[in-house]
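Each remark here refers to the structure printed beneath this line.
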Amino acid sequence: DAKTTQPTSMDCAEGRAANLPCNHSTISGNEYVYWYRQIHSQGPQYIIHGLKNNETNEMASLIITEDRKSSTLILPHATLRDTAVYYCIVRLFNKFYFGSGTKLNVKP
Amino acid sequence: NAGVTQTPKFQVLKTGQSMTLQCAQDMNHNSMYWYRQDPGMGLRLIYYSASEGTTDKGEVPNGYNVSRLNKREFSLRLESAAPSQTSVYFCASSVRGRTGGEKLFFGSGTQLSVL
């Protein structure tokens, strides 16, 4: 029973914006959407999270649809160091469940 | 602050052996987690602890036990290791963010091989 759905992989040219989509149609009204990334076999790293409004920080922007059933993570100027697996996560009963994520390949 | 510290970083076991993976955090977080990650897969939740003395099962708890004796430490025990438990194990803790929601912090992982 998938809590989020993401494409398996995506390519992006260096310097371009990377737009990573996520579907979370069963999200509850008061639950946040979280994005993490994992580079190689390191522990996942926090990127951003949001509830209803769009959010931006120094790493990325998060766009959440009005019905909250999907969201998009935007890396505005992707670099080779952004090559990683990106996880879109919603919590269930206070627990974080990771799906399989999207492998983003940033190419020169 | 060291953050989330896991020991050991690498371990090789024989089938049937037991061992405990240690995890400690120095950030005064209430919640702690154990995940496993098989090659090419995402992270799967093994156990979760909302606070000292409480634990709850995740997606794949079979074959594991956990102990949260104090706020800092959350250990994962394999009583009788099996080859199917070969994986990378990550410990994490979380704290409520200033703008709401929770923020996870991960350790660097333990690579476990069961022969």
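Here, each number is a calculation from the coordinates, and none is a lab measurement. Just so you know, these numbers come straight off a predicted model, no measurement behind them. Cβ: placed from backbone, ideal geometry, glycine included. Neighbour counts: every protein chain shown.
Ordered by the number of other Cβ atoms lying within 10 Å of each residue's own Cβ, fewest first, A:Y46, B:Y35, A:Y34 fall into the sequence A:Y46, A:Y34, B:Y35.
Rounded to the nearest 0.05, the FRET efficiency derived from the C-beta distance between B:R98 and B:K9 at R0 = 30 Å is 0.40.
Summing +1 for each Lys or Arg and -1 for each Asp or Glu, what net charge is found among the other residues whose Cβ lies under 9 Å from the Cβ of A:C12? Provide the component values of the computation, followed by the final result.
Working: positive: A:R16, A:K107; negative: A:D11, A:E14, A:D82.
Cβ neighbours under 9 Å give a net charge of -1.
Cβ under 14 Å from A:I39's Cβ, A:I39 left aside: what net charge do those residues give with Lys, Arg +1 and Asp, Glu -1? Net charge in that neighbourhood comes out at +2. The residues neighbouring B:L78, those whose beta-carbon lies less than 13 Å from its own, together hold a net charge of +2 under the Lys/Arg +1, Asp/Glu -1 convention.
On the basis of the beta-carbon distance and an R0 of 25 Å, A:N105 and B:A82 show a calculated FRET efficiency of 0.15.
On average, how many beta carbons from a partner chain sit within 10 Å of the beta carbon of a residue in A:91-101? Walk me through the numbers before you get to the answer.
On the way: counts 4, 1, 3, 6, 11, 11, 7, 10, 4, 4, 3.
What the average comes to for A:91-101 is 6.
In this simple spin-label model, placing a label point 7 Å from the Cα along the Cα-to-Cβ direction at both A:F93 and B:Q17 gives a separation of 3.4 nm. Each 10 Å bin from 0 upward holds the following percent of the Cα-Cα pairs of chain A: 15, 51, 29, 4, 0.
Hydrodynamic radius of the protein assembly as shown by the Kirkwood approach over all distinct alpha-carbon pairs: 18.0 Å.
What ranking do A:I48, A:I27 get, fewest neighbouring Cβ atoms within 10 angstrom at the top?
Values: A:I48 19, A:I27 22.
The fewest-first ordering by Cβ neighbours comes to A:I48, A:I27.
Global dimensions of chain B from alpha-carbon coordinates: Rg and Dmax equal 13.7, 46 Å.
The separation of the range B:38-56 from the range A:18-88, counted between C-alpha centres, amounts to 21 Å. The modelled label-to-label distance between B:T54 and A:T5, using points 7 Å beyond Cα along the C-beta direction, is 3.4 nm.
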